[in-house]
Amino acid sequence: MLGRLGGVTNEQTANPSAEPSEPAEPSGQPGRPLDSIDRAILRLLQEDGRASIRSVADRVHVSRANAYARINRLIDDGVIRGFTARVDHERAGQGASAYITLKIVQNSWRTVRDKLTDLPGVAHIALVSGDFDVLMLVHTPDNRSLRELVLTRLQAIPEVLSSRTLLVFEETDRVVGD
């Protein structure tokens with residue numbers, strides 16, 4: 001693949017030991033509006049992040065150069081934050097999954113967020129409104145590990161006032177646009 005698609009920059013092509021560059025931090029300002037071709041490209045890359053430029057271009061009916069430029073713009077604008085694999089957590093040895101809600105000390109979000117990102121198995125963290133402050137998704141090898149995470153690691157964070165754990169019995173990833 002050319003350019004930055006798949007997180008590979010031109011510098012990495014020339015120097016494979018180079019670190020991947022991070023897209024610029026979003027400024028908080030809305031990016032350029034997405035047209036139907038941009039949305040189709042996003043949908044295709046969500047289905048298969050390894051799709052070639054040629055394949056993407058053919059499927060959205062644009063030239064390879066146009067597809068390449070659009071994907072790089074989506075990366076530069078922070079719309080595409082990276083490329084990843086969708087994992088079957090059970091087959092990967094992460095048989096216990098749970099959503100955990102947290103109530104935290106007011107104005108402690110940044111501190112709590114930094115501590116939560118260091119915990120093993122944390123897949124997603126969100127600051128939310130409603131009856132609780134934080135919603136997180138975790139994957140652990142088994143219920144014993146989940147118990148350790150919740151009762152020992154989370155409760156050891158001073159800014160966490162309370163938690164609730166909702167076990168996940170089955171999950172389905174949905175690709176945007178389906």
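The residue list V134, V150, V168 contains one member that is open to solvent by less than 80 Å² (accessible area, probe 1.4 Å), in contact (Cβ under 8 Å) with a residue 60 or more places away in the chain, in contact with a strand residue (DSSP E or B) (Cβ under 9 Å, 6 or more places away or on another chain) and not basic (K, R), which is V168.
For R174, the criteria (1) touching an Asp or Glu at 6+ places or on another chain (Cβ under 9 Å); (2) open to solvent by 90 Å² or more (accessible area, probe 1.4 Å) hold in every case but one, which is (1). Collect the residues in segment 70-99 that are closer than 30 Å to V60 by Cβ and in a loop (DSSP other than H, G, I, E, B), keeping them in residue-number order. Those that are closer than 30 Å to V60 by Cβ and in a loop (DSSP other than H, G, I, E, B): D77, G78, V79, I80, R81, G82, F83, T84, A85, R86, V87, D88. For segment 1-63, the helices (runs of 4 or more DSSP H) that sit wholly inside it and include 2 or more residues that are at pLDDT 70 or above are 36-47, 53-60. Checked against the criterion of being surrounded by 13 or more Cβ atoms within 10 Å (Cβ to Cβ) and on the phi > 0 side of the Ramachandran plot, the candidates G82, G78, G95 yield just one match: G78. Surrounded by 16 or more Cβ atoms within 10 Å (Cβ to Cβ), modelled with pLDDT of 95 or more, in a strand (DSSP E or B) and in contact with a helix residue (DSSP H, G or I) (Cβ under 9 Å, 6 or more places away or on another chain): is that true of L102 in this structure? Yes; evaluated as a whole, the condition is true for this residue.
The values are calculated or read from the model by the stated rules, or taken from the named source; none is laboratory data. Small disclaimer: the values here were computed from a predicted structure and weren't measured. Cβ sites come from the backbone with ideal geometry, for glycine too, and all protein chains shown count toward neighbours. These accessible areas exclude ligands, DNA and RNA; they are computed on the full protein's heavy atoms, side chains included. Shrake-Rupley method; radii C 1.70, N 1.55, O 1.52, S 1.80 Å.
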